[in-house]
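Chemist: Sharing a structure here in structure tokens format.
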Amino acid sequence: MKKIIHSFETVTELIKKGRILSLAGDEQVLSRLPKGNWIAGTIPYFMTKDKGGVFSQNEIYVDDLTDFAEDFKIKAYDINNYEEIFVNFFENGFTLFIIPAFSEIHQYFAVNNWKIKNLYRNPFVGWISGFDLNSKNPEAKIYNGLIKESNKDKAIALHVKLPDNKKAGINIVNIFKRNETGDSIKFITSGFSAKECIINGEKENFADYINSKKIDTKLPIVADYSGIGINVSIKEVDIENGIVHFYAPVFPNRIYKFAEPIDNYVTEFKIKVSQIYNEMAFSCNCILNYLYGDLENNKVEIGGPITFGEIAYCLLNQTLVYMTINDS
């Protein structure tokens, strides 16, 4: 299926045909869909191959996984049963996971996912659902299409079994690079916020540090995970209370550095995406890239929901995540 957004009527027909779908759209259109083999998350922002970045509240982005799937399960998870998620993994397959933004399971997943047993047994990919940034009553939700149920407190998973001759693979596109000559930052505790941290060996208040250095907070801090840069984006610098809030957790066993500035988001994405040779079965990109990079109506050869966080085993920020299905 082409990487474009579809009308309510087109998606309804796909559902009626029994297609196995992962959907993204605004609540007002998702809530009208019939029961079927689908999961969904709320978001009205998308990347499409034909139009580039798009805002739409009456169209739906579709990832049709039917042609890959020998079997599937749709399961909901919260903090009480999430650690048993691996029980529903197929021996050869993948899991597509959607979490509502700012929910309890969002926080729990982000901080604890590194510790979940057997999580890396299957490719594990997904995104954080969100809402219209101009909404007066914003609320992120997920949908279980099998029972036509929405939820703001639970995550939803589509577990897919692949044929023996296929394998799923997950990768990321991160246009940011750590400024290796910049200050080294270590945090004292894990979490979505921080007051004190260790900068170049000295304890400092992180909010004061950012303010005094006049650091551009559109740039993420980046940790090195065995040669892979993992971003953590800054949500707010609260000078009055001396605290910095993040869109993903920081961890005390990592060294972070601010990213180098980006001259042109769209150009950087075009360069990186052009290096992807396999067709994407799924992809998503961060809302901060969409906003900071002015991606609306700018064409990058990718499609997918614009998200409040990306998942490639763990929670990511300002990152494009994609999955491919290849011959084994």
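Chemist: Which number in (1) crowded, with 21+ Cβ neighbours inside 10 Å; (2) under 19 Å from residue 325 (Cα atoms); (3) among the charged types (D, E, K, R) marks the one condition that residue 3 misses?
Modeler: (1)
Chemist: Could you check the stretch 273-309 and list, in sequence order, the residues that are over 12 Å from the mean Cα position of the chain (by Cα), of a type in the set (A, V, I, L, M, F, W, C) and assigned to a loop (DSSP other than H, G, I, E, B)?
Modeler: 276, 295, 300, 302
Chemist: In the stretch 80-94, is there at least one residue being part of a helix (DSSP H, G or I), free of Cβ contacts under 8 Å to residues at least 12 places away in the same chain and either outside the structural domain of residue 247 (by TED's automatic domain parsing) or not basic (Lys, Arg) (or both)?
Modeler: Step one: filter the stretch 80-94 for residues part of a helix (DSSP H, G or I), giving 82-88.
Next cut, free of Cβ contacts under 8 Å to residues at least 12 places away in the same chain only: 84, 87.
Restricting the remaining residues to those that are either outside the structural domain of residue 247 (by TED's automatic domain parsing) or not basic (Lys, Arg) (or both) gives 84, 87.
The answer is yes; a qualifying residue exists.
Chemist: Still on this model: In the list 97, 72, which residue meets the criterion of being assigned to a strand (DSSP E or B), more than 24 Å from residue 285 (Cα to Cα), of a type outside the set (A, V, I, L, M) and assigned by TED's automatic domain parsing to the domain that holds residue 282? Working first, answer last.
Modeler: Details: 97 fails: more than 24 Å from residue 285 (Cα to Cα).
Every option except 72 fails the conditions.
Chemist: Right, next: Given (1) at pLDDT below 95; (2) assigned to a loop (DSSP other than H, G, I, E, B); (3) closer than 27 Å to residue 105 by Cβ, where does residue 50 come up short, assuming only one miss?
Modeler: Exception for residue 50: condition (3).
Chemist: Name the residue, out of 145, 201, that is over 18 Å from the mean Cα position of the chain (by Cα) and surrounded by 16 or more Cβ atoms within 10 Å (Cβ to Cβ). Walk me through it before giving the result.
Modeler: Details: 201 fails: surrounded by 16 or more Cβ atoms within 10 Å (Cβ to Cβ).
It is 145.
Chemist: Let me ask another. Quick check, is residue 194 assigned by TED's automatic domain parsing to the domain that holds residue 254, touching a Phe, Trp or Tyr at 6+ places or on another chain (Cβ under 9 Å) and modelled with pLDDT of 95 or more? Walk me through how you get there before you give the answer.
Modeler: Details: assigned by TED's automatic domain parsing to the domain that holds residue 254: yes; touching a Phe, Trp or Tyr at 6+ places or on another chain (Cβ under 9 Å): yes; modelled with pLDDT of 95 or more: yes.
For residue 194, the condition - assigned by TED's automatic domain parsing to the domain that holds residue 254, touching a Phe, Trp or Tyr at 6+ places or on another chain (Cβ under 9 Å) and modelled with pLDDT of 95 or more - is met.
Chemist: A follow-up question, please. In the stretch 110-121, what count of residues is obtained for those that are free of Cβ contacts under 8 Å to residues at least 60 places away in the same chain and either crowded, with 23+ Cβ neighbours inside 10 Å or within 23 Å of residue 247 (Cα to Cα) (or both)? It would help to see each step written out before you state the result.
Modeler: Of the residues in the stretch 110-121, the ones free of Cβ contacts under 8 Å to residues at least 60 places away in the same chain are 112, 115-118, 121.
Filter once more, so that each one left must be either crowded, with 23+ Cβ neighbours inside 10 Å or within 23 Å of residue 247 (Cα to Cα) (or both): 112, 115-116.
Selection size over the stretch 110-121: 3.
Chemist: So for the stretch 160-176 (the condition being at positive phi, part of a loop (DSSP other than H, G, I, E, B) and within 14 Å of the chain's Cα centre (by Cα)), does at least one residue qualify? Give the steps one after another, and end with the answer.
Modeler: In the first step, residues of the stretch 160-176 are kept if they are at positive phi; the result is none.
Scanning the stretch 160-176, I find no residue that is at positive phi, part of a loop (DSSP other than H, G, I, E, B) and within 14 Å of the chain's Cα centre (by Cα), so the answer is no.
Each row is one residue, and each column tells you yes or no for (1) in the same structural domain as residue 94 (by TED's automatic domain parsing); (2) surrounded by 14 or more Cβ atoms within 10 Å (Cβ to Cβ); (3) modelled with pLDDT of 95 or more; (4) charged (D, E, K, R).
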{"position": "237", "(1), (2), (3), (4)": "no, yes, yes, no"}
{"position": "241", "(1), (2), (3), (4)": "no, no, yes, no"}
{"position": "244", "(1), (2), (3), (4)": "no, yes, yes, no"}
{"position": "248", "(1), (2), (3), (4)": "no, yes, yes, no"}
{"position": "272", "(1), (2), (3), (4)": "yes, yes, no, yes"}
{"position": "275", "(1), (2), (3), (4)": "yes, no, no, no"}
{"position": "278", "(1), (2), (3), (4)": "yes, no, no, no"}
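Chemist: Only one of these conditions is not met by residue 60: (1) farther than 30 Å from residue 328 by Cβ; (2) not in a strand (DSSP E or B). Which number is it?
Modeler: Exception for residue 60: condition (2).
Chemist: Does residue 138 fit the bill of being buried (at least 20 other Cβ atoms within 10 Å of the Cβ) and in the same structural domain as residue 60 (by TED's automatic domain parsing)? Write out each step before concluding.
Modeler: Values: buried (at least 20 other Cβ atoms within 10 Å of the Cβ): no; in the same structural domain as residue 60 (by TED's automatic domain parsing): yes.
Considered against the rule, which asks whether it is buried (at least 20 other Cβ atoms within 10 Å of the Cβ) and in the same structural domain as residue 60 (by TED's automatic domain parsing), residue 138 comes out as no.
Chemist: Could you tell me how many of the residues in the stretch 179-191 are surrounded by 15 or more Cβ atoms within 10 Å (Cβ to Cβ), of a type in the set (A, V, I, L, M, F, W, C) and out of contact with any Phe, Trp or Tyr (no Cβ under 6 Å at 6 or more places or on another chain)?
Modeler: Total satisfying the criteria: 1.
Chemist: Would it be correct to say that residue 41 is over 21 Å from residue 300 (Cα atoms), under 19 Å from the mean Cα position of the chain (by Cα) and among the small types (Gly, Ala, Ser)?
Modeler: yes
Chemist: Looking at (1) outside the structural domain of residue 38 (by TED's automatic domain parsing); (2) of a type in the set (S, T, N, Q); (3) assigned to a helix (DSSP H, G or I), which is the only condition residue 107 fails?
Modeler: If we test residue 107 against (1) outside the structural domain of residue 38 (by TED's automatic domain parsing); (2) of a type in the set (S, T, N, Q); (3) assigned to a helix (DSSP H, G or I), just (1) comes out false.
Chemist: Looking at 315, 288, which one is crowded, with 21+ Cβ neighbours inside 10 Å and touching a Ser or Thr at 6+ places or on another chain (Cβ under 6 Å)?
Modeler: Working: 315 fails: touching a Ser or Thr at 6+ places or on another chain (Cβ under 6 Å).
Exactly one of 315, 288 is crowded, with 21+ Cβ neighbours inside 10 Å and touching a Ser or Thr at 6+ places or on another chain (Cβ under 6 Å), namely 288.
Chemist: A follow-up question, please. Name the residue that is farthest from the chain's Cα centre (by Cα), counting only residues in the stretch 245-266 that are free of Cβ contacts under 8 Å to residues at least 60 places away in the same chain and farther than 25 Å from residue 115 by Cα.
Modeler: Taking the candidates together, the pick is 263.
The values are calculated or read from the model by the stated rules, or taken from the named source; none is laboratory data. For clarity, every value in this text was computed on a predicted model and none was experimentally measured. As a convention, Cβ positions derive from the backbone with ideal geometry for all residues, glycine included, and neighbour counts pool all protein chains shown.
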